[in-house]
Structures are given as C-alpha cells and as structure tokens.
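J.: Sharing a structure, written as structure tokens. Questions coming.
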C-alpha cells in the first residue's frame, strides 16, 4: 500500500523526509535541560460549562533565544478546563481557548518558510475548547475499542490513525457525551499553537529537544543539536504554551479538518475550516518525533491522504459552542 504524506511518498515503510535545513555544526556550550514549575490546580465550584465543573490551572512558560537559551520565564499563566469522563477512570481534559485575532502564516523572512504559508492574513477566531494534550492511546481505546499505535503506552499519543479514524473518534465521542467534538480547523490550530506569539515557535526563535520531541540531529537556528528519540513521548513531558496546551510542536503530526490549498489566497478570515475544493488531501500540523525542527514551526503546513495512517500521525480534538457560566 502506498501512503502519501506531504511532499513525500512512502511505500510500506517508515517516512523518510529529506531533512531541511542543512545540519549545522554543534554550538557550545550545550544548554542544561529546561524545566518549569509544576502546575497548580484549583477547583472552581461555581463555574460550569455544559453542566460540568471547571478547574483552573496555573502554569509556567518559557521563551528561548536563537541559541536555545531561556531568556524569559512567566509563571503568571492561567487556564480553565473541564474533564470529560470517558469511563473506567479515563478522562479527557479540554482547555478554554479565548477568542481573538491573529496573523496566520509566516513572514517572508522566516527561515525555512514555504510559499504555501503565504499570504499572511488576519483571522478572527471565536472561543472554543481544545484538548490540553494529544489524544492518548487509553482515550482512543476507551472510545473506539482498539489501539492501532506502533509505540505502545497508555499515556503516549495514539498514532497510526488516519483522518477518517480521527473523525470517527470525534463522532463517537460526540455521541457518548452529547457534546459536539470535532477536529480543529487549520486556523484554530495555528491560533492555539501560537497562543499570542508571532515567532517561528511559541517558545521563541527556535526549539530544543528539551522543549519538544523532534529529530535533534538537525537544528533550526543557532541552538545545539539534541536527541533523536526515535519514538513518541508521553503527553505533558515538555513545557506548555501560553494557553496551557502541550506538544503543539513535535511528538505527532495532528490532523485538521481542512482540505489542502497551496496558498492562503481567498482563505476564510473567521477561523472556520476551509473545505471548498475537491482536494484529495487533509491538513496536518505541528511536526513529529521523526522530523526536523523546521517542520515543527507554528506556520508549517503538511498534508496527507485521509486514509494515511503512519506512526508519525495523531490528533487532538476541539469542542465548540461551549460557554462558561457562574452559579
């Protein structure tokens, strides 16, 4: 069986993208592992959404320079979330993403950018809830009843899932809960990934393998080379972004609703999914454990057949139409 992902064709084997940019010499000194303060949780007894109680989490974010060195720590971040009970002790945490506007795509001077990331354009995104983490294997097993993943572990992201598998998960989760779950639109995904930033990564000018799971044999800016883990990592292993979302860079590619367009010409400006053509491809965002850091940028766009199910592909879900209420 031939599976097509992005600009590469794979014939029954592991994906082998041509890494870009060209590897650079290892700078020195090597930075020490980056850690952040443990999140602090507060139960909000008087606030609910869909009749479910909300909780508040306080968390720390980090920003790095082009050398991968931490230049800022911000411990004043907060996010509200609710837990969806999937049964058998398995829950799904959904974070409140505030509505707002942002500039989608990348500027012409951004390193490793592709023409399909232009034109940069303003998008207004309504508020929604998004999975705090990528969908895990235990969550997928609980909803679908199977686990297709190559790398096994309850807290590892489910992978080897096609776009159609991901949509089936959303549909069954919607039936199970009575709430509308779906894949994010591409605009929602990039808005959530950036979390108010305008740099190549929400971490800043680059990333390191202490911040995300990608192929550390390659570098993006002037950071040192790092690890190539050759597998997925457990959800929440790295620092979150400003919205409290984890693994938006690397680990597994994440499916979006949209069909592929090779530019943003005539793209909607309201945050909705762009599905007005007859493209055979669906969107992927975020990069993965197998790919170099340039693929993990906020603006980087990839695509695959909706039946593609490689071990580099997973997903996270969104829930729209939710309004928090105080009682």
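J.: Using a Gaussian network model of the chain with C-alpha springs under 10 Å, which one of 158, 49, 125 is most mobile by mean-square fluctuation?
T.: 49
J.: Then there's this: How large is Rg/Rh for the range 178-327, to two decimals, with Cα atoms and a Kirkwood Rh?
T.: Values: Rg = 15.7 Å, Rh = 16.1 Å.
In the range 178-327, Rg relative to Rh is 0.98.
J.: Report the gain in length on full extension from residue 266 to residue 91: 0.36 nm times residue separation, minus Cα-Cα distance, nm rounded to one decimal. All intermediate terms of the calculation are to be shown ahead of the outcome.
T.: Values: separation 175, 0.36 × 175 = 63.00 nm, distance 3.88 nm.
So the chain would gain 59.1 nm between residue 266 and residue 91.
J.: If you don't mind, there's one more thing I want to ask. At a 10 angstrom cut-off on C-beta neighbours, averaged per residue, how do the peptides 141-153, 159-171 rank from highest to lowest? Could the numbers behind the result be given before it?
T.: On the way: 141-153: 15.8, 159-171: 20.6.
In decreasing order of mean packing, 141-153, 159-171 become 159-171, 141-153.
J.: How compact is the chain by the rule of thumb for globular proteins, expressed as Cα Rg over 2.2 N^0.38 Å? Provide the component values of the computation, followed by the final result.
T.: Numbers: Rg = 18.6 Å, N = 327, 2.2 N^0.38 = 19.9 Å.
That works out to 0.94 for the chain.
J.: Would you mind putting 214-225, 278-289, 68-79 in packing order, based on average other-beta-carbon counts within 10 Å, highest first? Please list the in-between numbers first.
T.: On the way: 214-225: 21.0, 278-289: 22.8, 68-79: 14.7.
With the highest mean Cβ count within 10 Å placed first, the list reads 278-289, 214-225, 68-79.
J.: May I ask you to sort 121, 261 by Cβ crowding, counting other Cβ atoms within 10 Å and putting the fewest first?
T.: Ascending number of Cβ neighbours within 10 Å: 121, 261.
J.: Another question about this same structure. Pop a pseudo-label 7 angstrom from the Cα along the beta-carbon direction at both residue 174 and residue 198 and give the gap in nm to one decimal.
T.: Result for the modelled spin labels: 3.6 nm.
J.: Using Cβ counts within 10 Å as a stand-in for footprinting exposure, how do 97, 313, 275 rank, fewest first?
T.: Details: 97 22, 313 27, 275 15.
In order of increasing Cβ crowding within 10 Å: 275, 97, 313.
J.: Given contacts defined as C-alpha pairs under 8 Å and at least six residues apart, what's the relative contact order of the chain, whole-number percent?
T.: Details: 817 pairs, mean separation 79.3, N = 327.
Computed value for the chain: 24 percent relative contact order.
J.: Sticking with this structure for a sec: Could you put 130, 248 in order, starting from the residue whose Cβ has the fewest other Cβ atoms within 10 Å? Don't skip to the answer; put the middle values down first.
T.: Values: 130 25, 248 29.
Result, fewest neighbours first: 130, 248.
J.: Considering only C-alpha atoms, what is the centroid distance from the range 53-69 to the range 199-249, in Å?
T.: 13
J.: To continue, here is another question. Expressed in nm to one decimal, what extension gain is obtained for the pair residue 278 and residue 46 from 0.36 nm per residue of sequence separation less their Cα-Cα distance? Intermediate values should be presented prior to the final figure.
T.: Numbers: separation 232, 0.36 × 232 = 83.52 nm, distance 4.67 nm.
Taking residue 278 through residue 46 to full extension adds about 78.9 nm, to one decimal.
J.: Using a Förster distance of 22 Å, how high is the FRET efficiency between residue 229 and residue 150, based on the Cβ-Cβ distance and rounded to 0.05? Mind dumping the intermediate values first?
T.: On the way: r = 14 Å, r/R0 = 0.62.
E between residue 229 and residue 150, to the nearest 0.05, is 0.95.
J.: Kindly provide the helix-only [θ] at 222 nm of the chain, computed as the sum of -39,500 (n - 2.57) over DSSP H runs of four or more divided by all residues, to the nearest 500 deg cm²/dmol? Intermediate results must be reported in sequence, preceding the final value.
T.: On the way: 3 runs with 32 residues, N = 327.
Calculated mean residue ellipticity at 222 nm is -3000 deg cm²/dmol.
Coordinate-derived values only; no laboratory data. Only a predicted model underlies this, so the values are computations on that prediction, with no experimental measurement involved. Glycine gets a Cβ as well: all are built from the backbone with ideal geometry, and neighbour counts include every protein chain shown.
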